[in-house]
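Worksheet: one structure, shown below.
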Amino acid sequence: MATDQVQEIKEKIDIVDFVSRYLNLEKAGKNYKTLCPFHEEKTPSFMVSPELQMYKCFGCGKAGDVYNFLMEMEGVDFGEALKTLADQAGVELKDYKPSPKEGRKEKILRINQLAQEFFHYLLTEHDVGTAALNYVRGERELPNEIIEDFKLGYAPQSWESLGRFLLSKGFTLSEIVESGLVIRKDTGRKFYDRFRGRLMFPLHNYRGDVVGFSGRALKEETGPKYMNTPESLVFSKSRYLYGLFQSKKFIRESGKALVVEGPIDLLMPYSRGTKNIVASQGTALTPGQIGLFKRYADSISICFDTDLAGNAATRRGIELAEKEGLDVSVVVLPPKYKDPDDCARQAPSEWSRLVEQPVAVYDFYIQKALQKYDQKTPEGKKKVAAEVLPVLKDIFDDIQRAAYVQKLASELEMGLEVVEQALAKAPSARSEDYKNRSESDLEPYFEQREYPSKEFYMLALILRAPKDRAEAFTHRLGREDFSHPRLRTFFERLKSYHRDNEDFILKGFRAKIEQDSELLELLEDLVLQDFNFALEDLDDELEVGLHKLKQEKIRRKIKKLGKEIAVAEEAGEYDKIEKLQEKLSKYSRKLQ
């Protein structure tokens with residue numbers, strides 16, 4: 001693969017636009033900032049530079065260009081990232097040779113694509129799929145556009161039809177087995193299809209590739225109600241949300257995502273206009289799924305058929321989502337509706353109202369407990385508190401926790417102090433594996449480099465200043481004003497660049513130092529640090545910064561003279577001591 005094509009693709013895709021598809025970026029001077037998607041944090045330390053076409057997190061240290069970002073976000077290797085970006089940039093790759101692993105992934109995706117076409121044809125065009133199509137259109141009342149948009153299909157009640165079809169397309173049995181669509185028998189070349197007699201839901205990734213399938217049984221005797229593709233090179237259930245490919249645009253526009261349990265619960269609401277909806281394929285939200293939500297939404301609403309308040313796995317997912325900064329609420333269905341599909345089909349206007357008015361998750365927990373027990377009796381109050389307090393105890397935000405404890409006290413008609421004492425004694429609702437997770441934030445990245453903060457800050461200000469102001473301050477500073485050797489070298493290179501060039505162009509300066517990896521990393525740190533609060537009073541900040549650097553230089557000289565005087569005293573060199581003390585007095589007056 002020619003490196004010039006890699007660069008060509010990179011130049012055609014603006015990193016700010018690309019990252020904005022995943023994260024909500026906020027303007028910060030010449031840069032953009034947001035919460036880092038790669039680690040937990042409460043204040044933004046993830047910076048994106050349009051000038052350098054790169055990103056860097058000053059919390060966890062992850063950094064790179066648009067290729068690195070896509071690889072990190074989607075868990076793909078460089079080859080897949082290259083092909084994805086080449087498609088978006090309209091660049092035809094030449095002499096590209098995929099790695100063996102990439103080749104296996106490509107074959108699985110091609111097999112899955114053919115299987116999707118096979119299943120969809122049988123559902124919509126072939127007599128064998130008539131009963132399944134009647135179920136979809138009749139009992140489920142799904143319109144044709146939903147069947148087409150989501151490429152629903154039917155796997156016939158046959159042991160080998162899909163496998164033989166795929167073999168006829170030139171794939172080997174081993175390749176088809178690796179896709180998970182067929183299962184090899186104990187010996188020889190015998191196999192059988194994994195999905196039989198099922199309504200098929202293709203699982204698409206963010207690009208629209210078919211990474212797997214979920215099959216719903218149409219008859220009870222065909223096995224479990226739902227069956228999914230096994231984990232493979234292209235599919236991981238814990239990092240997947242059904243319908244995200246179709247709904248991500250609407251989720252991003254609204255900043256909200258509605259989560260239901262399975263495909264059937266998604267399709268009818270989607271057809272009724274609830275487009276910002278995904279299915280989690282179960283009730284336990286995983287860290288991988290939470291990471292997907294963070295790319296597109298600020299808040300999520302959950303509408304599961306199960307008892308949310310009593311489901312420990314669901315509570316852990318909610319807790320994780322809140323810890324990652326997502327607002328969580330619950331869409332509560334009236335008892336007359338058995339699931340989201342039922343509600344959206346029977347009463348679309350009521351469904352829309354319920355979706356627009358979700359209940360905050362901790363209000364929901366309190367409501368459910370109050371419905372279960374009689375809060376007017378001492379025993380009932382005890383049961384409500386025993387159910388709710390462990391959940392409230394694990395709220396991360398102190399203000400939010402205090403507000404809900406106060407609300408619970410009011411509902412139970414008890415004194416706040418009594419409920420707070422009970423809260424202190426209550427056990428945590430968190431699972432042990434979650435409690436054992438490290439919650440310590442990493443130190444800011446540049447501090448790990450042990451740079452003197454005043455010197456680092458001054459260089460960052462100079463890089464942000466107009467060329468004439470920056471040059472004025474580099475003239476007033478000298479190499480001795482910087483104690484750290486790398487900062488000193490950087491300053492000298494920057495001063496030289498100002499002297500030799502009429503304009504300061506960041507990319508031009510970067511090119512001058514790109515052979516020195518340490519200076520290049522320092523430049524990226526300086527440019528991407530969020531010091532944009534100083535821009536309104538930049539001249540004042542520069543003057544104060546220069547004054548502080550001069551003071552620090554004097555302090556270093558005073559400290560050095562103090563050591564020299566101590567050595568001279570030990571040696572009895574009294575003439576030298578007198579001269580050193582004169583210098584010391586001179587620098588002390590300067591400092592004052």
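The values are calculated or read from the model by the stated rules, or taken from the named source; none is laboratory data. Here the structure is a predicted model, which means the values were calculated and not measured. Reconstructed Cβ throughout: ideal geometry from the backbone, glycine too, with neighbour counts over all protein chains shown. With ligands, DNA and RNA removed, areas are computed over all heavy atoms of the protein, side chains included. Shrake-Rupley method; radii C 1.70, N 1.55, O 1.52, S 1.80 Å.
Overview of values
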item: Cysteines in the chain that, by Cβ-Cβ distance, have no pairing candidate under 4.7 Å; result: 60, 303, 343
item: Kyte-Doolittle mean at least -1.0, axial Cα span of 24 Å or more - DSSP H helices of the chain; result: 100-124, 538-571
item: Zero-based 5 Å bins, Cα pair distances in the range 91-172, whole percents; result: 3, 13, 19, 18, 14, 12, 9, 6, 4, 1, 0
item: Listed residue (146, 129, 183) projecting farthest to the positive dipole end of the range 104-192, Cβ model; result: 183
item: Rg over Rh [alpha-carbon atoms, Kirkwood Rh] for the range 368-429; result: 0.93
item: Distance from the range 314-383 to the range 122-173 (C-alpha centre basis), Å; result: 36
item: Calculated FRET efficiency for the pair residue 505/residue 569, C-beta based, R₀ 45 Å, to 0.05; result: 0.25
item: Where 350, 319, 569 fall by accessible area, highest first, once all protein chains stay in place (1.4 Å); result: 569, 350, 319
item: Solvent exposure of the range 141-189 as accessible area per residue, Å², 1.4 Å probe; result: 53
item: GluC sites (Glu not before Pro) lying in DSSP loop within the range 161-258, provided at most 16 other Cβ fall within 10 Å; result: 231
item: Hits among lysines - C-alpha to C-alpha of residue 393 under 20 Å, sequence gap 8 or more where chains match; result: 42, 323, 368, 381, 382, 383, 407, 425, 435
item: Approximate spin-label separation residue 11-residue 352, in nm, with each point projected 7 Å along Cα-to-Cβ; result: 5.0
item: Stokes-Einstein diffusion coefficient of the range 522-564, Kirkwood radius over Cα pairs, 25 °C, 0.890 mPa s, in µm²/s; result: 196
item: Positive-pole candidate from 22, 223, 44, dipole of the chain, charges at beta carbon; result: 223
item: Solvent-accessible area, 1.4 Å probe, carbon plus sulfur percent, for the chain; result: 48
item: Spin-label proximity, residue 172 to the range 86-109 - amide N less than 17 Å from point 7 Å beyond Cα toward beta carbon; result: 99-109
item: Simple label model, 7 Å out from Cα along Cβ direction - residue 493 to residue 253, nm; result: 4.7
item: log₁₀ of I(q)/I(0) at q = 0.06 Å⁻¹ - the chain, Debye sum with one point per alpha carbon; result: -0.47
item: Added length on full extension, which subtracts the Cα-Cα distance from 0.36 nm per residue, residue 117 to residue 160; result: 13.8 nm
item: Dipole in debye (nearest 20) - the chain, about Cα centre, beta carbon charges: Lys, Arg +1; Asp, Glu -1; result: 700
item: Accessible area in square angstrom per residue, the range 447-582, 1.4 angstrom probe; result: 57
item: GluC sites (Glu not before Pro) lying in DSSP loop within the range 479-542, provided at most 16 other Cβ fall within 10 Å; result: 502, 514
